[in-house]
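Worksheet: the structure to be examined is printed underneath.
The values are calculated or read from the model by the stated rules, or taken from the named source; none is laboratory data. Remember, it's a predicted structure, so these values are computed and weren't measured experimentally. Cβ atoms come from the backbone with ideal geometry, glycine included; neighbour counts cover every protein chain shown.
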């Protein structure tokens, strides 16, 4: 029985240490997304730096079941217009062409498309390379995060032909 107790304690300690290693330890930011363009889409995105990348935890609702949506960081942190037209273009400090996140050529604001589940919800973690939450020229803090009505085709310039902005939130430091 004593050996079993030691193994259980050791397993719990290893699990806790492993979980701690997976937790973001750097700067954090957050955005609350509100509906735009007459949609019902809303949710949150939590950003945190971990191991030289930014991890984004996305939770959304109000999408059509099974639908696919473009998802981007836009240059301006202004979601005040009813259609979110005040967000400007994709965050692109390098002047690159639009493309697939992680591809050879893409805006720093290009992120993977989001796919809603059968209930119209999204809950996903994404890893983003090239951007930071910490202050600097590649920081996403003070910018906006946008969900588009349609899927991103990752080729049409300058924004992937992903349609109107259906949800928008300003990214703020935490």
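Here are some notes:
- Any hit, the stretch 139-147, residues being part of a loop (DSSP other than H, G, I, E, B), touching a strand residue (DSSP E or B) at 6+ places or on another chain (Cβ under 9 Å), farther than 14 Å from residue 48 by Cα and at pLDDT 95 or above: yes
- Residue 163 vs. criteria touching a residue at least 40 places away in the same chain (Cβ under 8 Å), assigned to a loop (DSSP other than H, G, I, E, B) and surrounded by 14 or more Cβ atoms within 10 Å (Cβ to Cβ): yes
- Screening residue 33 on (1) outside any loop (DSSP other than H, G, I, E, B); (2) surrounded by fewer than 16 Cβ atoms within 10 Å (Cβ to Cβ) shows it passes everything except condition (2).
- Residue check for residue 104: out of contact with any helix residue (DSSP H, G or I) (no Cβ under 7 Å at 6 or more places or on another chain), surrounded by fewer than 13 Cβ atoms within 10 Å (Cβ to Cβ), more than 25 Å from residue 173 (Cβ to Cβ) and modelled with pLDDT of 95 or more: no
- Total residues in the stretch 61-83, condition more than 20 Å from residue 131 (Cβ to Cβ) and touching a strand residue (DSSP E or B) at 6+ places or on another chain (Cβ under 8 Å): 7
- Any hit, the stretch 116-127, residues being at pLDDT 90 or above and crowded, with 24+ Cβ neighbours inside 10 Å: no
- Residue check for residue 144: farther than 21 Å from residue 66 by Cα and under 17 Å from the mean Cα position of the chain (by Cα): yes
- Put simply, of 144, 80, 139, 96 the only residue that is free of Cβ contacts under 8 Å to residues at least 40 places away in the same chain and in contact with a helix residue (DSSP H, G or I) (Cβ under 8 Å, 6 or more places away or on another chain) is 80.
- The residues listed here are 125, 117; of these, the one that is in a loop (DSSP other than H, G, I, E, B) and out of contact with any helix residue (DSSP H, G or I) (no Cβ under 9 Å at 6 or more places or on another chain) is 117.
- Meets criteria (surrounded by 23 or more Cβ atoms within 10 Å (Cβ to Cβ) and in a strand (DSSP E or B)) for residue 73: yes
- Of note, residue 47 does not satisfy the criterion of being under 17 Å from residue 162 (Cα atoms) and either surrounded by 18 or more Cβ atoms within 10 Å (Cβ to Cβ) or at pLDDT 95 or above (or both).
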